[in-house]
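*Asks:* I'd like to ask some things about the structure below.
The values are calculated or read from the model by the stated rules, or taken from the named source; none is laboratory data. These figures come from a predicted structure and were not determined experimentally. Glycine also receives a Cβ, built like all others from the backbone with ideal geometry; neighbour counts cover every protein chain displayed. These accessible areas exclude ligands, DNA and RNA; they are computed on the full protein's heavy atoms, side chains included. Shrake-Rupley method; radii C 1.70, N 1.55, O 1.52, S 1.80 Å.
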Amino acid sequence: MRNVWIIIKREIGSYFATPLAYVFIVIFLALSGALAFFIGRFMSREQADLIPFFDYHPWLYLLLIPAIAMRLWAEERKTGTIENLMTLPVSTVEAVIGKFLAAWAFAGLALALTFPIWISVNILGDPDNGVILASYIGSLFMAGAFLAIGSCISALTKNQVIAFIISATVCFLFTMAGLELVLNFFRLWAPDLLVDTIASLSFLTHFNAVTKGVIELRDIIYFISMIAVWLLANVVAVDVRKAA
Amino acid sequence: MSAMIELDHLTKAFGALVAVDDISMTVARGEVLGFLGPNGAGKSTTMKIVSGFLEPTFGTATVCGHNVVAEPVAVKRRIGYLPEGAPTYGDMTPMSYLGFIAEIRGYDGVEKRRRVEAAVEKLGLERVLRQPIETLSKGYKRRVGFAQAILHDPEVLIMDEPTDGLDPNQKRLVRTLIHDMAADKAIVISTHILEEVDAVCNRVVMIAGGRLLADGTPDSLRARARDHNALLLRVAPDRVEAARQKIGTLDGIETVETVTRRDGALMLRVPPGPQANAATVVAALNAENIAVEEVVNEVGLLDDVFYDITAHAAHRENPYA
């Protein structure tokens, strides 16, 4: 655990040593606000809730999370520092978890900085703050799942652009799987079991369930197992290079 | 002799390419082993296996009694490793980078500060401690990498081309450091700079095509040079031809060449052989009343040995096997 913490500290320090962190946070805040106000019609619909804000999170993450995740391993491979890192007395599991947690904490910080919109909605009306809290938690877990996918794919290449595009595509597929549009296509010919399986693998299905204000155990378990599976694949992706 | 590094039939294949081919050897405490070989000989791959970055396809590598595959963390604790090109995190400062390394190596508080300060002082990094590493000169970057490798005073130190690309003064600094640490460590450095071997190594291993081709002290390898112990003689210019014929009649001496030395003097060159010792040749010439003005015993060049051994490796022959 000590090593994980040391790696988290180093990673976070390196986010803020470059403009990356600041650029990311500013763009995340600007985009999440713009989407909620202009496309989600946050004001004109005159409802005291944050649904127009959270509704766009999956699409925002689709663009921004792979941008954080792409550098996690690809950059180390490109600059050769992976040779330094992996010859320090650290296990692969510790390195993978440390890097992931650092990126997740960073995404969490960006998410937390959207608090002015929560204050606004409380000034303007009387929202259900329980639902809002649940939505924030759900959004954080969804960001974690996106990150785990991105981290794993980043370990497969030393090219950050490739890592970004493939991660975004995989995340897109996992998100889209829950849209009625996609499910209807499968309903035409596939058995119900398959349709349900596809829907149950979708970020949207689980995220929408959480933003309704009900944090159900299975939704949280879904996101945690997504993170666990992709991080496990990440460990394998790093280790497999040793024997290759 | 306690073996700090033990390689046993170590083999590494990348697909069809065999990068390291059945290498067995041991390195003991107090040895500074120069790992020589042309580019692509398998030096880096061998070092990456010992440091735990790659796993062998076949065979084992043991460091201080710990198998690199079975107990990687135990091995990594005991090794200081400087990868080729000394990659470091460019956005960190030497201070924060060395602090990170110290923590990962298990040092806290006072001990951490002491370790970092000691490494900083050894490498002379005081002036650049708070500058991002990516803005430093190549020499400083290399020194930061070096500081990282020796921070925990490891029993085994492995350095992949530590002086490559450094200026002569920086090379001297690195060599002095290696020399100072040599007594209680097992040190392996790879290089293709042959002068470096003479400067710091007390043992040389040559590999090419992934195979171990020669192993010995720098002097013993030098003795394998084609013209090691050849004789150079200077006689009066008008007696050169007579001297040449006389030497040619001696048993076991086939050809005597005349060579012009850099200062313009005409020299007779007797290739090495059992009869080619100074006493015999000079005595024979004196008997003919040819005065020998100067005798030089040629010393073999590591370059020649390197060429003879490694150039043959392409078609898998080993003239010294």
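*Asks:* State all residues of segment A:92-149 that are in contact with a Cys (Cβ under 9 Å, 6 or more places away or on another chain) and among the small types (Gly, Ala, Ser); if no residue qualifies, say none.
*Replies:* Hit for segment A:92-149 is A:ALA145, nothing else.
*Asks:* Here is a list: B:VAL240, B:VAL305, B:VAL292. Which entry is open to solvent by less than 70 Å² (accessible area, probe 1.4 Å) and out of contact with any Lys or Arg (no Cβ under 8 Å at 6 or more places or on another chain)?
*Replies:* After applying the criteria, what remains is B:VAL240.
*Asks:* Does segment B:259-273 include one or more residues that are in a strand (DSSP E or B), open to solvent by less than 60 Å² (accessible area, probe 1.4 Å) and out of contact with any Leu (no Cβ under 7 Å at 6 or more places or on another chain)?
*Replies:* Yes, some residue in segment B:259-273 is in a strand (DSSP E or B), open to solvent by less than 60 Å² (accessible area, probe 1.4 Å) and out of contact with any Leu (no Cβ under 7 Å at 6 or more places or on another chain).
*Asks:* Might you check whether a residue that is touching a Gly at 6+ places or on another chain (Cβ under 8 Å), charged (D, E, K, R) and either part of a helix (DSSP H, G or I) or in contact (Cβ under 8 Å) with a residue 60 or more places away in the chain (or both) occurs anywhere in segment B:118-135?
*Replies:* yes
*Asks:* Can you find a residue in segment A:157-173 that is surrounded by 17 or more Cβ atoms within 10 Å (Cβ to Cβ), in contact with an Asp or Glu (Cβ under 7 Å, 6 or more places away or on another chain) and part of a helix (DSSP H, G or I)? I'd like the intermediate steps shown before the answer.
*Replies:* Residues of segment A:157-173 surrounded by 17 or more Cβ atoms within 10 Å (Cβ to Cβ): A:157-158, A:160, A:163-164, A:166-168, A:170-171.
Retained after the next criterion (residues that are in contact with an Asp or Glu (Cβ under 7 Å, 6 or more places away or on another chain)): A:160.
Within this subset, residues satisfying the condition of being part of a helix (DSSP H, G or I) are A:160.
There is at least one residue in segment A:157-173 that is surrounded by 17 or more Cβ atoms within 10 Å (Cβ to Cβ), in contact with an Asp or Glu (Cβ under 7 Å, 6 or more places away or on another chain) and part of a helix (DSSP H, G or I).
*Asks:* Is it true that B:PRO38 is within 12 Å of another protein chain (Cβ to nearest Cβ), in a loop (DSSP other than H, G, I, E, B), open to solvent by 10 Å² or more (accessible area, probe 1.4 Å) and under 24 Å from B:LEU213 (Cβ atoms)?
*Replies:* No: the conditions fail for B:PRO38.
*Asks:* Considering only residues that are at the interface with chain A (Cβ under 7 Å from one of its Cβ atoms) and in contact (Cβ under 8 Å) with a residue 12 or more places away in the chain, which ones fall in segment B:54-78? Let's see the steps before the verdict.
*Replies:* If we filter segment B:54-78 for residues that are at the interface with chain A (Cβ under 7 Å from one of its Cβ atoms), which is where we start, we get B:54-55, B:73, B:76-77.
Correct list: B:LEU54, B:GLU55, B:LYS76, B:ARG77.
*Asks:* Condition first: within 23 Å of A:SER14 (Cβ to Cβ), more than 9 Å from chain A (Cβ to nearest Cβ) and either open to solvent by less than 20 Å² (accessible area, probe 1.4 Å) or modelled with pLDDT under 95 (or both). Can you find one or more residues in segment B:84-93 that meet it?
*Replies:* no
*Asks:* Among the residues of segment A:83-99 satisfying the criterion of being among the β-branched types (Val, Ile, Thr) and over 24 Å from the mean Cα position of the chain (by Cα), which is nearest to A:SER151 (Cα to Cα)?
*Replies:* For segment A:83-99, the residue satisfying everything is A:VAL90.
*Asks:* So, in segment A:210-227, of the ones that are surrounded by fewer than 14 Cβ atoms within 10 Å (Cβ to Cβ) and without any contact (Cβ under 8 Å) to a residue 24 or more places away in the chain, which residue ends up nearest to B:SER51 (Cα to Cα)?
*Replies:* Applying the filter and picking the extreme gives A:SER225.
*Asks:* Of all residues in segment A:1-45 being under 30 Å from B:ALA102 (Cβ atoms) and among the small types (Gly, Ala, Ser), which is farthest from the other protein chains (Cβ to nearest Cβ)?
*Replies:* A:ALA21
*Asks:* Scan segment B:23-36 and give yes if some residue there is free of Cβ contacts under 8 Å to residues at least 40 places away in the same chain and either within 27 Å of A:ALA237 (Cα to Cα) or over 19 Å from the mean Cα position of the chain (by Cα) (or both), otherwise no.
*Replies:* no
*Asks:* For a quick check of your reading of the model, give me the residue pairs whose first member lies in segment A:75-88 and is within 17 Å of B:LEU82 (Cβ to Cβ), whose second is of a type in the set (Ser, Thr, Tyr) and open to solvent by less than 10 Å² (accessible area, probe 1.4 Å), with beta-carbon atoms closer than 6 Å and at least 6 apart or on different chains.
*Replies:* So the pair list comes out as A:THR87/B:SER51; A:THR87/B:TYR81.
*Asks:* What tally of residues in segment A:26-50 results from selecting those that are aliphatic (A, V, I, L, M) and buried (at least 17 other Cβ atoms within 10 Å of the Cβ)?
*Replies:* Qualifying residue count for the region: 3.
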